[in-house]
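Reading through the structure tokens given below for one structure.
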Amino acid sequence: MSSEQKQLAVFFDRDGTLNIERGYIRDLEHLELYSGAAQAIRKLNDLGVLCILTTNQTGAARGFYDLEHIHALNNKVNTLLFEQAEAHLDALYYSPYYARGIVPEFTKDSDCRKPGIGMIRKALADFPQINLPSAYVVGDKATDIEFAHNAGTRGILLKTGYGQNVVEGKYQALDQKPMAICETVVEAVDLIIATWQQEGLL
């Protein structure tokens, strides 16, 4: 990628995408990456692609745990990425907000909660060189695909986490069509790289 080109980026969901979906994780020891996830992120790291976490974390609004625990969970993801493949996320954004929560500070509607694009706006403020039309959102929920649509970027739905239920119409309405549906984050990353290569962006 030449210095004249804008920065390629992938926005990753967390639970059900990078780490195994286990509901609200109260114990750090229960956070475990999917097989191959770290190596997939490392492929993107090696290509100079920005890897950015964008995750809804309503556990704070629901009173399950505090913001420090969310930070600890996100940091655990980065620690496991490094331990398993010397991979890393370039930025980590999260939304603690939920309109039906019980903690007043976080109980509200917010554009930072997917499918609102507040987290992508934060990323663009921190990394203004991002090539948004060529970027991808990878996640396991219909809201991730809507998030991609609202931001003007491309969405890939995974079958991990809640994804299979989304595909079967059992969880969330898939109102926006994903660019692709992939079995795992490993398959998604390989598809993203191949597509960028075909487009002459890598």
Task: Inter-site label distance for Glu21 and Ala72 at 7 Å from Cα along Cβ, in nm - done: 2.5 nm
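Grab the Cα-Cα distance for Phe127 and Gln198, subtract it from 0.36 nm times how many residues apart they are, and report the gain in nm with one decimal.
Contour length minus the Cα-Cα distance gives 23.1 nm.
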Open item on the list: Restricting to DSSP loop positions (anything but H, G, I, E, B) with no more than 10 other Cβ atoms inside 10 Å of their own Cβ, which GluC sites (Glu not before Pro) remain in the stretch 3-35?
Closed with: Glu4
Open item on the list: Just to be sure I follow: if Rg is taken over the C-alpha atoms of the chain and Rh is the Kirkwood radius over the same atoms, what is Rg/Rh?
Closed with: 0.94
TODO: For the stretch 124-162 and the stretch 41-80, write down the distance between their C-alpha centroids in whole Å.
DONE: 15 Å
- [ ] State the antiparallel share, in %, of DSSP beta bridges confined to the stretch 9-198, rounding to the nearest 5.
- [x] 5 percent
TODO: Averaged over every viewing direction, what's the projected area of the C-alpha convex hull for the stretch 144-202? Give it in nm², one decimal, please.
DONE: 4.1 nm²
Task: DSSP H segments from the chain that extend 30 Å or more along their own axis, Cα-based, with Kyte-Doolittle mean of -0.5 or above - done: none
Task: 5 angstrom amide H check on Ser95, placed H, neighbours 5+ away - done: Thr55, Asn56, Gln57
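Working from the pairwise distances between different alpha carbons, so that the mean of 1/r is found and then inverted, what is the stretch 85-202's Kirkwood radius in Å?
Kirkwood radius, the stretch 85-202: 15.4 Å.
We did not get these values from a lab; they are worked out from the coordinates using the rules stated. Note that the structure is predicted; figures quoted are calculated from it, not measured. Note that we place each Cβ from the backbone using ideal geometry, even for glycine, and neighbour counts take in every protein chain shown.
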